[in-house]
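Accompanying notes for the structure given below.
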Amino acid sequence: MVVSMNEGALIDVIFRDIPEDSVITIVYDVHSTGWMIGLSLLKKALEKGKLGIISNYNQTLSHLAKSLNLVGTDMWSELNSNNLVIFDIFGSRYGVRERYKNVFYLDNVDPETINPKIDSMYRDHILPMINNRKVVRLIYTLDGATLILGENVTLKLLNQTIAAKSKLLKGSILILPINSDVVSKRFTAWVVGISDYALVVRSEFRDDKIMEFLHLIRAPEEDFEPTTYLLTTVGERKAERLRVKKLTPELGSLRKQ
(Lines give C-alpha, C1' and ligand atoms only; values in the text may rest on other atoms or scores of the structure.)
Protein backbone atom coordinates (compact mmCIF):
# COMPACT_ATOMS: atom_id res chain seq x y z
CA MET A 1 0.00 0.00 0.00
CA VAL A 2 1.09 3.61 -0.57
CA VAL A 3 -0.05 4.61 2.91
CA SER A 4 1.04 2.55 5.91
CA MET A 5 -0.75 4.67 8.51
CA ASN A 6 -3.73 6.96 8.67
CA GLU A 7 -2.17 9.85 10.57
CA GLY A 8 1.28 11.38 11.00
CA ALA A 9 3.94 13.42 9.26
CA LEU A 10 2.99 13.90 5.61
CA ILE A 11 6.36 12.66 4.33
CA ASP A 12 6.16 9.46 6.36
CA VAL A 13 2.54 8.70 5.49
CA ILE A 14 2.57 9.36 1.76
CA PHE A 15 6.21 9.11 0.68
CA ARG A 16 7.57 6.14 2.58
CA ASP A 17 9.63 4.74 -0.29
CA ILE A 18 9.75 6.81 -3.48
CA PRO A 19 10.83 4.76 -6.51
CA GLU A 20 13.78 5.99 -8.54
CA ASP A 21 13.08 8.19 -11.57
CA SER A 22 9.80 9.37 -10.04
CA VAL A 23 8.11 12.65 -10.96
CA ILE A 24 6.15 14.21 -8.08
CA THR A 25 3.66 16.97 -8.83
CA ILE A 26 2.10 19.05 -6.04
CA VAL A 27 -0.82 21.27 -7.04
CA TYR A 28 -1.99 23.83 -4.49
CA ASP A 29 -4.03 27.03 -4.34
CA VAL A 30 -3.00 30.50 -3.29
CA HIS A 31 -4.20 30.15 0.32
CA SER A 32 -2.73 26.72 1.09
CA THR A 33 0.56 25.59 2.62
CA GLY A 34 0.99 23.09 -0.20
CA TRP A 35 4.04 25.02 -1.41
CA MET A 36 5.89 23.66 1.64
CA ILE A 37 5.54 20.02 0.54
CA GLY A 38 8.26 20.16 -2.09
CA LEU A 39 10.62 21.90 0.33
CA SER A 40 9.83 19.26 2.98
CA LEU A 41 10.64 16.48 0.52
CA LEU A 42 13.94 18.18 -0.23
CA LYS A 43 14.69 18.47 3.49
CA LYS A 44 14.09 14.74 3.98
CA ALA A 45 16.33 13.94 1.00
CA LEU A 46 19.17 16.03 2.43
CA GLU A 47 18.80 14.30 5.79
CA LYS A 48 19.21 10.96 4.01
CA GLY A 49 22.47 12.07 2.40
CA LYS A 50 21.10 12.79 -1.05
CA LEU A 51 22.21 15.70 -3.21
CA GLY A 52 19.53 18.38 -3.60
CA ILE A 53 19.31 20.51 -6.74
CA ILE A 54 16.96 23.50 -6.92
CA SER A 55 16.10 25.35 -10.10
CA ASN A 56 14.93 28.66 -8.63
CA TYR A 57 12.39 30.57 -10.73
CA ASN A 58 10.49 32.33 -7.94
CA GLN A 59 12.47 34.62 -5.69
CA THR A 60 15.79 36.05 -4.58
CA LEU A 61 18.20 33.76 -2.76
CA SER A 62 17.54 35.50 0.56
CA HIS A 63 13.81 34.83 0.24
CA LEU A 64 14.46 31.25 -0.86
CA ALA A 65 16.60 30.76 2.25
CA LYS A 66 13.70 32.01 4.40
CA SER A 67 11.30 29.59 2.69
CA LEU A 68 13.65 26.66 3.30
CA ASN A 69 14.17 27.76 6.90
CA LEU A 70 10.43 27.44 7.48
CA VAL A 71 10.73 23.66 6.99
CA GLY A 72 13.96 23.45 9.01
CA THR A 73 16.62 23.59 6.28
CA ASP A 74 19.63 25.91 6.53
CA MET A 75 20.21 26.70 2.85
CA TRP A 76 23.58 28.38 3.36
CA SER A 77 24.96 25.50 5.42
CA GLU A 78 23.77 22.91 2.89
CA LEU A 79 25.35 24.88 0.02
CA ASN A 80 28.68 25.17 1.84
CA SER A 81 28.62 21.45 2.69
CA ASN A 82 28.15 20.45 -1.00
CA ASN A 83 24.77 18.93 -0.20
CA LEU A 84 22.77 21.48 -2.19
CA VAL A 85 23.09 23.13 -5.61
CA ILE A 86 21.00 26.02 -6.90
CA PHE A 87 20.51 27.10 -10.49
CA ASP A 88 19.30 30.65 -9.91
CA ILE A 89 17.17 31.31 -12.97
CA PHE A 90 15.32 34.14 -11.19
CA GLY A 91 18.58 35.93 -10.44
CA SER A 92 19.86 35.28 -13.95
CA ARG A 93 16.73 36.70 -15.53
CA TYR A 94 16.46 39.82 -13.39
CA GLY A 95 20.14 40.57 -12.83
CA VAL A 96 20.23 39.72 -9.13
CA ARG A 97 23.49 37.80 -8.91
CA GLU A 98 25.44 37.00 -5.78
CA ARG A 99 28.61 35.02 -5.18
CA TYR A 100 27.81 31.93 -3.15
CA LYS A 101 29.26 28.46 -3.25
CA ASN A 102 27.28 26.03 -5.46
CA VAL A 103 24.98 28.74 -6.84
CA PHE A 104 25.06 28.94 -10.63
CA TYR A 105 23.81 31.58 -13.05
CA LEU A 106 23.14 31.74 -16.78
CA ASP A 107 24.56 34.56 -18.89
CA ASN A 108 21.02 35.03 -20.22
CA VAL A 109 17.69 33.21 -19.94
CA ASP A 110 16.80 32.18 -23.46
CA PRO A 111 14.28 29.36 -24.10
CA GLU A 112 16.38 27.91 -26.91
CA THR A 113 19.57 27.63 -24.88
CA ILE A 114 18.52 27.33 -21.22
CA ASN A 115 18.48 23.52 -21.12
CA PRO A 116 21.78 23.02 -23.01
CA LYS A 117 23.46 25.55 -20.70
CA ILE A 118 22.17 23.83 -17.58
CA ASP A 119 23.14 20.39 -18.94
CA SER A 120 26.65 21.74 -19.53
CA MET A 121 26.81 22.92 -15.91
CA TYR A 122 25.69 19.47 -14.78
CA ARG A 123 28.52 17.79 -16.67
CA ASP A 124 31.18 20.30 -15.61
CA HIS A 125 30.20 20.95 -11.98
CA ILE A 126 27.43 18.72 -10.66
CA LEU A 127 28.35 15.21 -11.77
CA PRO A 128 31.73 15.38 -9.96
CA MET A 129 29.86 16.37 -6.76
CA ILE A 130 27.41 13.47 -6.82
CA ASN A 131 29.94 10.87 -5.65
CA ASN A 132 27.50 7.93 -5.77
CA ARG A 133 24.76 9.91 -4.03
CA LYS A 134 21.16 9.85 -5.20
CA VAL A 135 19.79 13.14 -6.51
CA VAL A 136 16.52 14.97 -5.79
CA ARG A 137 15.66 17.89 -8.09
CA LEU A 138 13.15 20.61 -7.22
CA ILE A 139 11.83 23.12 -9.74
CA TYR A 140 10.77 25.96 -7.47
CA THR A 141 8.25 26.55 -8.79
CA LEU A 142 6.84 25.33 -12.07
CA ASP A 143 4.34 28.20 -12.21
CA GLY A 144 7.27 30.55 -11.61
CA ALA A 145 8.92 29.10 -14.71
CA THR A 146 5.81 29.90 -16.76
CA LEU A 147 5.96 33.55 -15.71
CA ILE A 148 9.47 33.78 -17.15
CA LEU A 149 9.19 31.43 -20.13
CA GLY A 150 5.46 31.03 -20.87
CA GLU A 151 3.35 27.90 -20.46
CA ASN A 152 3.98 26.29 -23.85
CA VAL A 153 7.73 26.81 -23.67
CA THR A 154 7.81 25.52 -20.08
CA LEU A 155 6.04 22.30 -21.08
CA LYS A 156 8.45 21.82 -23.98
CA LEU A 157 11.50 22.39 -21.77
CA LEU A 158 10.08 20.11 -19.07
CA ASN A 159 9.75 17.31 -21.61
CA GLN A 160 13.36 17.83 -22.65
CA THR A 161 14.50 17.92 -19.03
CA ILE A 162 12.78 14.66 -18.11
CA ALA A 163 14.23 12.91 -21.16
CA ALA A 164 17.77 14.25 -20.72
CA LYS A 165 18.03 13.68 -16.98
CA SER A 166 16.75 10.11 -17.31
CA LYS A 167 20.19 9.41 -18.81
CA LEU A 168 22.38 12.08 -17.21
CA LEU A 169 20.97 11.59 -13.67
CA LYS A 170 19.54 8.10 -13.76
CA GLY A 171 17.50 7.31 -10.67
CA SER A 172 16.94 10.95 -9.67
CA ILE A 173 13.60 12.23 -8.37
CA LEU A 174 11.95 15.36 -9.81
CA ILE A 175 9.58 17.51 -7.71
CA LEU A 176 7.19 19.94 -9.44
CA PRO A 177 5.19 22.34 -7.23
CA ILE A 178 2.43 24.28 -9.05
CA ASN A 179 0.24 27.11 -7.81
CA SER A 180 -2.96 26.35 -9.69
CA ASP A 181 -4.16 29.94 -9.35
CA VAL A 182 -1.28 31.11 -11.56
CA VAL A 183 -1.44 28.68 -14.50
CA SER A 184 -4.18 27.32 -16.77
CA LYS A 185 -6.07 24.09 -16.16
CA ARG A 186 -4.59 22.75 -19.39
CA PHE A 187 -1.07 23.29 -18.06
CA THR A 188 -1.83 21.62 -14.73
CA ALA A 189 -3.59 18.68 -16.39
CA TRP A 190 -0.63 18.04 -18.67
CA VAL A 191 1.90 18.04 -15.83
CA VAL A 192 -0.26 15.79 -13.65
CA GLY A 193 -0.55 13.43 -16.59
CA ILE A 194 3.22 12.83 -16.76
CA SER A 195 3.60 12.38 -13.00
CA ASP A 196 4.07 9.27 -10.90
CA TYR A 197 2.76 10.99 -7.78
CA ALA A 198 0.11 13.72 -7.96
CA LEU A 199 -1.13 15.63 -4.91
CA VAL A 200 -3.79 18.33 -4.93
CA VAL A 201 -4.10 20.64 -1.91
CA ARG A 202 -7.23 22.73 -1.53
CA SER A 203 -7.96 25.28 1.17
CA GLU A 204 -11.39 26.18 2.51
CA PHE A 205 -12.40 29.05 4.80
CA ARG A 206 -14.43 27.80 7.76
CA ASP A 207 -15.65 30.55 10.09
CA ASP A 208 -12.49 31.83 11.77
CA LYS A 209 -9.96 29.37 10.29
CA ILE A 210 -8.67 27.84 7.10
CA MET A 211 -8.91 24.08 6.60
CA GLU A 212 -6.76 22.30 4.07
CA PHE A 213 -7.55 19.04 2.30
CA LEU A 214 -4.87 17.02 0.56
CA HIS A 215 -6.02 14.69 -2.21
CA LEU A 216 -3.56 11.99 -3.25
CA ILE A 217 -4.83 11.28 -6.75
CA ARG A 218 -1.95 9.31 -8.23
CA ALA A 219 0.82 7.07 -6.91
CA PRO A 220 2.89 4.27 -8.48
CA GLU A 221 1.27 1.33 -6.71
CA GLU A 222 -0.83 -1.47 -8.18
CA ASP A 223 -3.35 -1.32 -5.34
CA PHE A 224 -3.45 2.48 -5.16
CA GLU A 225 -6.74 4.18 -4.35
CA PRO A 226 -7.24 7.96 -4.34
CA THR A 227 -7.29 9.22 -0.76
CA THR A 228 -8.17 12.46 0.99
CA TYR A 229 -6.40 13.77 4.09
CA LEU A 230 -6.81 16.71 6.40
CA LEU A 231 -3.56 18.72 6.18
CA THR A 232 -2.30 20.66 9.19
CA THR A 233 0.88 22.57 10.02
CA VAL A 234 2.75 22.45 13.32
CA GLY A 235 4.91 25.29 14.60
CA GLU A 236 8.18 23.47 15.33
CA ARG A 237 10.60 24.01 12.45
CA LYS A 238 12.90 21.16 13.44
CA ALA A 239 10.03 18.70 13.23
CA GLU A 240 8.18 17.53 10.15
CA ARG A 241 5.88 20.54 10.00
CA LEU A 242 3.22 19.14 7.68
CA ARG A 243 0.94 16.50 9.13
CA VAL A 244 -1.95 14.58 7.60
CA LYS A 245 -4.94 12.65 8.89
CA LYS A 246 -6.86 10.33 6.61
CA LEU A 247 -10.49 11.30 6.40
CA THR A 248 -13.07 8.63 7.13
CA PRO A 249 -16.30 8.66 5.09
CA GLU A 250 -17.96 10.32 8.09
CA LEU A 251 -15.37 13.10 8.29
CA GLY A 252 -15.38 13.47 4.54
CA SER A 253 -19.09 14.15 4.61
CA LEU A 254 -18.42 17.30 6.63
CA ARG A 255 -17.17 18.98 3.47
CA LYS A 256 -20.70 18.79 2.04
CA GLN A 257 -22.31 20.61 4.94
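Quick notes
- Set side by side, the residues 163, 145 differ, and just one is over 20 Å from residue 8 (Cα atoms), of a type outside the set (S, T, N, Q) and in contact with a helix residue (DSSP H, G or I) (Cβ under 6 Å, 6 or more places away or on another chain), which is 145.
- Test: residue in region 192-203 that is in contact with a strand residue (DSSP E or B) (Cβ under 9 Å, 6 or more places away or on another chain), open to solvent by 50 Å² or more (accessible area, probe 1.4 Å), modelled with pLDDT under 95 and over 23 Å from residue 18 (Cα atoms): no
- Criterion: in contact with a Lys or Arg (Cβ under 8 Å, 6 or more places away or on another chain), at negative phi and modelled with pLDDT under 95 - qualifying residue of 133, 123, 206, 137: 133
- Of everything listed in (1) without any contact (Cβ under 8 Å) to a residue 40 or more places away in the chain; (2) open to solvent by 10 Å² or more (accessible area, probe 1.4 Å); (3) of a type outside the set (D, E, K, R), the single unmet condition for residue 30 is (1).
- All told, residue 137 meets the bar of being buried (at least 20 other Cβ atoms within 10 Å of the Cβ) and basic (Lys, Arg).
- Pairing each residue of region 165-190 that is at positive phi and touching a residue at least 24 places away in the same chain (Cβ under 8 Å) with any residue that is of a type outside the set (S, T, N, Q) and surrounded by fewer than 21 Cβ atoms within 10 Å (Cβ to Cβ), provided the two are 6+ apart or on different chains, yields C-beta distances under 7 Å for 171/20; 171/21; 171/134.
- Look at (1) part of a loop (DSSP other than H, G, I, E, B); (2) over 19 Å from residue 175 (Cβ atoms) and you find that residue 76 fails only one, number (1).
- The set of residues from region 44-58 being over 19 Å from residue 132 (Cα atoms) and open to solvent by 10 Å² or more (accessible area, probe 1.4 Å) comprises 55, 57, 58.
The values are calculated or read from the model by the stated rules, or taken from the named source; none is laboratory data. As the structure is a computational prediction, the values presented were derived from the model and not from experiment. Reconstructed Cβ throughout: ideal geometry from the backbone, glycine too, with neighbour counts over all protein chains shown. These accessible areas exclude ligands, DNA and RNA; they are computed on the full protein's heavy atoms, side chains included. Shrake-Rupley method; radii C 1.70, N 1.55, O 1.52, S 1.80 Å.
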